[in-house]
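Right, one structure below, let's go through it.
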Amino acid sequence: MVNVNLGAPYEMLIKKIIGRGYAGSQVEVIRQAFVVLKNKLEEDEEFELVKRGVEFELEKIRSGKARRIPSQEVYKKAGLA
């Protein structure tokens, strides 16, 4: 187990979290914080992948390597029009 001195502001926050019933112990607070951070990192990674995919496709459109399809045609093929 790692012993870490978080400092007074974080110690107070941990006590507040436990006092409000969000966690039962200091360890649980830290574990929950890691889960939130892990989820945020995964979300950021997914966003970055989507962003790169969009940029890749836009570059194909700009360079003429992909054809543009009118939105009405897309809706029609998807059965939405």
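The values are calculated or read from the model by the stated rules, or taken from the named source; none is laboratory data. Here the structure is a predicted model, which is why all the values come from computation and not from measurement. Heads up, the Cβs are rebuilt from the backbone with ideal geometry, glycines too, and the neighbour counts pull from every protein chain shown. The protein model used for the area step is the full one, side chains on, heavy atoms only, and it has no ligands, DNA or RNA in it. Shrake-Rupley method; radii C 1.70, N 1.55, O 1.52, S 1.80 Å.
Relative to the Cα centre, the charge distribution of the chain, modelled as +1 at Lys and Arg Cβ and -1 at Asp and Glu Cβ, gives a dipole magnitude of about 360 debye. Under the combined filter of DSSP loop state and at most 15 neighbouring Cβ atoms within 10 Å, the range 21-70 retains these chymotrypsin sites (Phe, Trp or Tyr not before Pro): Y22.
The simple spin-label model puts a point 7 Å past each Cα toward its Cβ; for K15 and L37 those points are separated by 2.3 nm. A 1.4 Å probe run over the chain, with the rest of the protein chains in place, finds 93 Å² accessible per residue.
The label-point distance for R52 and I69, in a model that sets each label 7 Å from Cα toward Cβ, rounds to 2.5 nm.
Expressed in Å, the radius of gyration and Dmax of the Cα atoms of the chain are 23.8, 61. For the chain, with all protein chains in place and a probe radius of 1.4 Å, 60% of the accessible heavy-atom surface sits on carbon or sulfur. Taking 32 Å as the limit for the C-alpha separation, the pairs K16/K38; K15/K38; K15/K51; K15/K40 exceed it in the case of K15/K51.
In a DSSP loop and with at most 16 other Cβ atoms within 10 Å, the trypsin sites (Lys or Arg not before Pro) in the chain are R20, K65, R67, R68.
To test your reading of the geometry: what angle, between 0 and 90 degrees and rounded to tens, separates the Cα axis of helix 26-63 from the longest principal axis of the chain? Computed tilt is about 20 degrees. Setting aside same-chain residues fewer than 8 positions from K65, which aspartates and glutamates have a Cα under 20 Å from its Cα? Cα-Cα hits under 20 Å: E55, E57, E73.
Any idea which of F47, P70, A33 is furthest toward the positive side of the dipole for the chain, if Lys and Arg beta-carbons carry +1 and Asp and Glu beta-carbons -1? Positive-most Cα among the choices belongs to P70.
Net charge dipole, the range 1-48: roughly 520 debye, given to the nearest 20, about the Cα centre with Cβ charges of +1 for Lys and Arg and -1 for Asp and Glu. The distance between label points at S25 and E59 comes to 5.0 nm (points 7 Å beyond Cα on the Cα→Cβ vector). Only DSSP H runs of four or more residues enter the estimate; each adds -39500 (n - 2.57), and after division by the residues of the chain the mean residue ellipticity at 222 nm equals -24000 deg cm²/dmol.
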